[in-house]
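Below: the structure, in structure tokens.
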Amino acid sequence: MNALTVLDPQSPQARAIFHLAIVAGIIFAVIFAVVAGMIVYALMRCRWREGEGDPKQVAGNKTVELVWTTIPFLIVVALFVLSWRTMNASDPPPTPEPDIVITGHQWWWEARYPKSGVVTANEIHIPAGTPLSIRLESADVLHEFWVPEIGRKMTTVPGHPNNIWIESDHPQTYLGVCSEFCGTEHAWMHFLVVAETPAEFQAWEQAQLAPAQTPIGASALQGRALFQQTSCMNCHAIKGSLASAGVGPDLTHFASRKILGAGVAANTPENLRRWLTNPQLIKPGVKMPDYKFTESQVTQLTDYIETLK
Amino acid sequence: MSEIAAVLQRTGILSPEEREHWKMAWLSTVDHKRIGILYMMTGLVFFVVGGIEALLIRLQLAVPNSTLLHPDTYNMVFTMHGTTMIFLVAMPVLFGLANYIVPLQIGARDMAFPRLNAYSFWLVPFGGILLHFSFLSGGAPAVGWFAYAPLSETPYSSQSGVDYWALSLLVLGIGSVGANINFIATVLCSRTPQMTLRRLPLFTWMIFVNAFLVILALPVLNAGLVMLLIDRLLHAHFFLVPGGSAIMWQHIFWAFGHPEVYIVAIPAFGLLSEIIPVFSRKPIFGYEFVAGSTVAIAFLSLGVWAHHMFTVGLGHTVDLFFVASSMLIAIPTGVKVLNWSATMIGGRIHFDTPMLFCIAALLQFLLAGLTGVSHAVAPLDWQTKNSYYLVAHFHFVFVGLIVFAILGALHYWVPKMSGRLLSERLGKWSFWLMVIGFNMTFITQHFLGLAGMARRIYTYADLPGWGWMNMVSTVGAFFMAAASLVFVWNLVVSLLFGEKAGNNPWNAWTLEWATTSPPPHENFRALPPITSRRPLWDIANPDRPDPVVGSRGKADQFKPEKNKTSIASFIISESGFFGVLILAFLYYTAIPEAGPNAKGLDVLQTGLFSICLFASSFTIWRAETGLHNNQRRRMIGWLIATIVLGFIFIGGQTFEYWHLFRSGVRVNTNLFTTSFFTLTGFHGLHVCVGLIALLILLGLAVAGDSKKRPWPALVAVGLYWHFVDVVWVFVLSVVYILPRFL
């Protein structure tokens, strides 16, 4: 998995920004060197020594002022033109029909693929090598979608859909985060972007479209019954079962995902047990309350949910 | 407690006859020097609070997956840290320095309005207490210092923390406007005659320019806070969907918020412009350019706010406008940096503590300015926004420039205030601890941001490099804490045992060094002649005085009457407030929503009442003419007419409200009614305030106060009253007439 850095671009959009950063970085470094050099020169050469009087009183020089107003102005003009070009390259206009609609919730991400009908959470699969148009929405407060390696960040604003492009040169998994403060669990609003070969992506999409299978085994079946009888189904959807609510993440293929609780833990059966026992201990403030399930209920639910591949 | 009195007396800030009632002497003071010290002491107290919050943040982030603080606690801590450091530390300390120094630098006996000065100051501690009271009310705000809607709205922050936050910022905002109206009036009206505008010391000049920025920007925040409170307390939805707009809050907040950055930076520029020349033993290089670039910065800073919003989706066109304006501001800022550097070149630099802090501030600000330009380049901001790279950038401005400049200034001017020198040895200790700690803490954070660390996360996974970089940053923060302790220790020790400073320990050149340390009540026994920008240089170097800075005729001798000046400044300030409300009305009434709209208002009825209000502008003008012609009875008659017309207007507005209320219209019925009641209601409130002022005037006139001519109170209230009428011209056009044609 790639590690969330802006210095390792993996898409044409991110690379456009990175190249501008290099150019701007060189300009800034030169300016810093020149001005800091002036200051350090003064500090070294213009020290007062015991017994010296005051130096010649120079109060200014209009030519010098003109020069150091003009040069920065030219730099600014150059940077402006570069910014303009990079804006177009890294953030082209959106298509009318987005490939993925991503909705920020307190504190998880929902991803809907309007063309195929796939709905998932916190794990966004994309085919490598293809630019995808993403629409960003919010279900509650501001969030911000940021995967530094593959594109710009963009806020999700309630009532104001935004659009960006993401793309990955090659198959790879990226970590993404929410970068706009959004309340208690802003820190754990991670997600994964999984870039796959087009064939793998299609296979994934097909698998995601399938409804959940009826589980095998008494414990898992009891878990499903429990899921459908208790508050679980007030918030979650599992296609192929009675649960169809859209408040929390869709769990139809939960067990196929790599992270739990929007990145707070790896999605392992042990972590799922801990989560079901009391989610508030793992992710304090998360909207899912502590249902105080008994040990055996937790086992049944875990067994059921682990079948949701 | 008599020890404190003894210490205060020893340090010269308490006269012997005040020893018995020293607490009252300070609580009730209207002396600008004492108020300045009170401001700074208040700032110091809140600096301790905000500093402890900073250390808590750094302790929590020292290691990955930390569980030291509950997430909600962490969110409260960083919200309070930001709010405290900006509104209760940076602003009070800078205003305090200005309060102390500006009247001295211009040869004035005090601020133009000593009681307004005391009032403005006391709003700071009370605003601060109000803010911190939220801890007792179920929790401090946990929304970040810019309280982005809709997180700051009731559905997502249901406890009263945000209400306390908004109320306290309103209180502090009013105090800031009061203080800065006072700075404007002081600089313009209380200068000693020889201190022409072109001879002003740069610190005073920058405080003067900055004051305009304060009185323009703070009311914008006040308008936004009022709207947020109406949302929260009266269940409206300015910033909530459906209908309202979260982005509107960002526009309003940053239209204040970016000027605010300069509001605390420009005084720091002024400090560097004072101290660097003195310790380089040369005049400032390019005085006119340093002074002029300040004006340019102040102007431009009003038009750059949306560079805080490059990632909310305003579109490339809007983004590009703000890319351009934000980059332009780098030019006057760069001019300043280069002039400070050029001042040092060819000088004989004395490396005393004040200068050390200023050199560090200059170099750190150079870096902060360059990372600032990188944020103005929108595509780069699309990556680094809201990351620790941004956190590092603005701490380089707020701490690297402003705190360092303040520390330099305190080492420079405390000897003037107390009459005793600070210890150079301790000063250098605190300087080096501060430089090392600051750069450890914040240089590291640039790299953390590039490594993808988002701001405001209460903990983080153990990603490559994050753990050790955060640990370095935390250790650096404790170096800064140590530096602060050494500084406070230095202050205490010097107050008690410091060497006597004498009038002018640094051989500086501005007027504050021409009086005793500390200066006597009303500051000067006699003023030296002033023919240039460095009067004390001219005295010390009669063989090579500075060239005479002449007067360019009337504009430079400009010395307006102080009551008129202050009321004019107040009107500028209020225009900002009403400007936001009027723009908000236009924006919100364009959003179609069910329920009442502007077309349902009774134009004819309001038109009739409006005529009364407009007529009252005429009557108050007649009253002024009466005063001018010494016809007292006539003046009183016209005053009464004005008051009656004002009351008719308010009666009309009340009737209109009552009528609407009876037909079921409430503040929160829809966006039209919310913005209608907000705009007309605040106008009505201003009319009521005007009526109270007029009634007081009437009482004074009857009692005979108006016998002294000219009677500035009538002129001032008259100006205010005309302003209220002019605002109503806009409100009437926008609310009642314009919708008819749409």
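The values are calculated or read from the model by the stated rules, or taken from the named source; none is laboratory data. Quick caveat, the model's predicted, so the values are computed rather than measured. In this analysis, Cβ positions are derived from the backbone assuming ideal geometry, glycine residues included, and neighbour counts consider all displayed protein chains.
Please go through segment B:594-604 and give me each residue that is in a helix (DSSP H, G or I) and surrounded by 14 or more Cβ atoms within 10 Å (Cβ to Cβ), ordered by number.
Matches in segment B:594-604: B:Ala598, B:Val603.
Name the residue that is surrounded by the fewest Cβ atoms within 10 Å (Cβ to Cβ), counting only residues in segment B:429-472 that are of a type in the set (D, E, K, R) and farther than 23 Å from A:Ala21 by Cα.
Of everything passing the filter in segment B:429-472, B:Asp462 is surrounded by the fewest Cβ atoms within 10 Å (Cβ to Cβ).
Please state which one of A:Asp91, A:Asp54 is touching a residue at least 40 places away in the same chain (Cβ under 8 Å) and among the acidic types (Asp, Glu).
Unique residue meeting the criteria: A:Asp91.
Can you find a residue in segment B:208-230 that is within 14 Å of chain A (Cβ to nearest Cβ) and either crowded, with 24+ Cβ neighbours inside 10 Å or more than 15 Å from B:Ser301 (Cβ to Cβ) (or both)?
no
I'd like the full set of residues that are in a helix (DSSP H, G or I) and touching a residue at least 60 places away in the same chain (Cβ under 8 Å), limited to segment B:440-469.
Selection gives B:Thr441, B:His446, B:Leu448, B:Gly449, B:Leu450, B:Trp466, B:Gly467.
Confirm whether B:Ala368 is free of Cβ contacts under 8 Å to residues at least 60 places away in the same chain and at the interface with another protein chain (Cβ under 8 Å from one of its Cβ atoms).
Judged against the criteria, B:Ala368 is not a match.
Out of B:Val665, B:Val687, B:Val734, which single residue is under 24 Å from B:Ile620 (Cβ atoms) and among the β-branched types (Val, Ile, Thr)? Before the answer, list the steps.
Details: B:Val665 fails: under 24 Å from B:Ile620 (Cβ atoms); B:Val734 fails: under 24 Å from B:Ile620 (Cβ atoms).
Sole residue among the options that is under 24 Å from B:Ile620 (Cβ atoms) and among the β-branched types (Val, Ile, Thr): B:Val687.
From B:Ser273, B:Ser245, grab the single residue that is within 14 Å of another protein chain (Cβ to nearest Cβ), closer than 30 Å to A:Asp54 by Cβ and either within 20 Å of the chain's Cα centre (by Cα) or polar (S, T, N, Q) (or both).
B:Ser273
What are the residue pairs meeting all of these: first residue in segment B:275-304, first residue assigned to a loop (DSSP other than H, G, I, E, B), second residue hydroxyl-bearing (Ser, Thr, Tyr), Cβ atoms under 8 Å, and 6 or more apart or on different chains?
Hits for this filter: B:Lys282/B:Thr343; B:Pro283/B:Thr343; B:Ile284/B:Ser273; B:Ile284/B:Thr343; B:Phe285/B:Thr343; B:Gly303/B:Ser325; B:Val304/B:Ser325; B:Val304/B:Ser326.
Step by step: first the residues of segment B:135-153, then only those that are assigned to a loop (DSSP other than H, G, I, E, B) and among the small types (Gly, Ala, Ser), then the one that is surrounded by the most Cβ atoms within 10 Å (Cβ to Cβ). Which residue is that?
Among those residues, the one meeting the criterion is B:Ala149.
I'm told B:Ile129 meets every condition in (1) over 21 Å from B:Pro518 (Cα atoms); (2) touching an Asp or Glu at 6+ places or on another chain (Cβ under 9 Å) except one. Can you identify the failing condition by its number?
Condition not satisfied by B:Ile129: (2).
Does A:Asn122 qualify as being in contact with a strand residue (DSSP E or B) (Cβ under 6 Å, 6 or more places away or on another chain), surrounded by 17 or more Cβ atoms within 10 Å (Cβ to Cβ), within 9 Å of another protein chain (Cβ to nearest Cβ) and touching a residue at least 12 places away in the same chain (Cβ under 8 Å)?
no
Scanning segment A:184-215 for residues that are out of contact with any Lys or Arg (no Cβ under 7 Å at 6 or more places or on another chain) and within 14 Å of chain B (Cβ to nearest Cβ), which turns out farthest from B:Ala142 (Cα to Cα)?
A:Val193
Taking A:Pro12 as the residue in question, decide whether it is more than 10 Å from chain B (Cβ to nearest Cβ), of a type outside the set (Val, Ile, Thr) and over 30 Å from A:Gly240 (Cβ atoms).
Taking the combined requirement at face value, the residue satisfies it.
Can you confirm whether A:Val286 is touching a Ser or Thr at 6+ places or on another chain (Cβ under 6 Å) and not in a helix (DSSP H, G or I)? Before the answer, list the steps.
Working: touching a Ser or Thr at 6+ places or on another chain (Cβ under 6 Å): no; not in a helix (DSSP H, G or I): yes.
In short, no.
For segment B:628-648, which residues satisfy the criterion of being within 17 Å of B:Val724 (Cβ to Cβ) and exposed (fewer than 15 other Cβ atoms within 10 Å of the Cβ)?
Within segment B:628-648, just B:Val644 meets the criteria.
Which one is nearest to A:Ile31 (Cα to Cα), of the residues in segment A:74-106 that are touching a Lys or Arg at 6+ places or on another chain (Cβ under 8 Å) and facing chain B (nearest Cβ under 10 Å)?
Per the stated criteria, the residue is A:Ser90.
Anything in segment A:147-159 that is closer than 16 Å to A:His105 by Cβ and more than 7 Å from chain B (Cβ to nearest Cβ)? List them, or say none.
A:Thr156
Does B:Trp506 satisfy being buried (at least 16 other Cβ atoms within 10 Å of the Cβ), under 28 Å from the mean Cα position of the chain (by Cα) and of a type in the set (Phe, Trp, Tyr)?
So B:Trp506 fails the test.
Okay, residues lined up against (1) acidic (Asp, Glu); (2) at the interface with another protein chain (Cβ under 10 Å from one of its Cβ atoms):
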site	(1), (2)
B:Tyr262	no, no
B:Glu288	yes, yes
B:Ala330	no, yes
B:Trp340	no, yes
B:Ile349	no, yes
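Any residue at all in segment B:177-185 that is touching a residue at least 60 places away in the same chain (Cβ under 8 Å), within 22 Å of B:Ala142 (Cβ to Cβ) and in a helix (DSSP H, G or I)?
No, segment B:177-185 contains no residue that is touching a residue at least 60 places away in the same chain (Cβ under 8 Å), within 22 Å of B:Ala142 (Cβ to Cβ) and in a helix (DSSP H, G or I).
Can you confirm whether segment A:74-84 contains a residue that is within 22 Å of B:Asp381 (Cα to Cα), in contact with a Pro (Cβ under 8 Å, 6 or more places away or on another chain) and modelled with pLDDT of 95 or more? Let's see the steps before the verdict.
Within segment A:74-84, the subset within 22 Å of B:Asp381 (Cα to Cα) is A:74-84.
So of that shortlist, the ones also in contact with a Pro (Cβ under 8 Å, 6 or more places away or on another chain) come out as A:83.
After this cut, where a residue has to be modelled with pLDDT of 95 or more as well, the list is A:83.
Yes; the residues of segment A:74-84 include at least one that is within 22 Å of B:Asp381 (Cα to Cα), in contact with a Pro (Cβ under 8 Å, 6 or more places away or on another chain) and modelled with pLDDT of 95 or more.
Of everything in segment B:62-98, what is of a type in the set (Asp, Glu) and farther than 24 Å from A:Gln106 by Cα? Give them in sequence order.
none
Which of the residues spanning segment A:268-309 are in contact (Cβ under 8 Å) with a residue 60 or more places away in the chain and on the phi > 0 side of the Ramachandran plot?
Matches in segment A:268-309: A:Gly285 only.
Does segment B:374-384 hold any residues that are in a helix (DSSP H, G or I) and surrounded by 24 or more Cβ atoms within 10 Å (Cβ to Cβ), and which are they?
So the first thing to find is which residues in segment B:374-384 are in a helix (DSSP H, G or I), and the list is B:374-376, B:378-384.
Correct list: B:Ala376, B:Ala378, B:Pro379, B:Leu380, B:Asp381, B:Trp382, B:Gln383, B:Thr384.
Provide a single number: the residues in segment B:191-229 that are part of a helix (DSSP H, G or I), of a type outside the set (A, V, I, L, M, F, W, C) and touching an Asp or Glu at 6+ places or on another chain (Cβ under 6 Å).
Of the residues in segment B:191-229, the ones part of a helix (DSSP H, G or I) are B:197-199, B:202-229.
Okay, now just the ones that are also of a type outside the set (A, V, I, L, M, F, W, C), so B:198-199, B:204, B:210, B:219, B:222, B:224.
Still in the running and touching an Asp or Glu at 6+ places or on another chain (Cβ under 6 Å): B:198.
Of the residues in segment B:191-229, 1 are part of a helix (DSSP H, G or I), of a type outside the set (A, V, I, L, M, F, W, C) and touching an Asp or Glu at 6+ places or on another chain (Cβ under 6 Å).
Answer yes if at least one residue in segment A:249-267 is in contact (Cβ under 8 Å) with a residue 12 or more places away in the chain, away from chain B (no Cβ under 14 Å) and under 19 Å from B:Asn65 (Cα atoms), and no otherwise.
Yes: one or more hits.
When segment B:294-326 is examined, which residues are found to be over 30 Å from A:Glu137 (Cα atoms) and either surrounded by 24 or more Cβ atoms within 10 Å (Cβ to Cβ) or more than 11 Å from every other protein chain (Cβ to nearest Cβ) (or both)?
B:Thr294, B:Val295, B:Ile297, B:Ala298, B:Phe299, B:Leu300, B:Ser301, B:Leu302 - these are the residues of segment B:294-326 that are over 30 Å from A:Glu137 (Cα atoms) and either surrounded by 24 or more Cβ atoms within 10 Å (Cβ to Cβ) or more than 11 Å from every other protein chain (Cβ to nearest Cβ) (or both).
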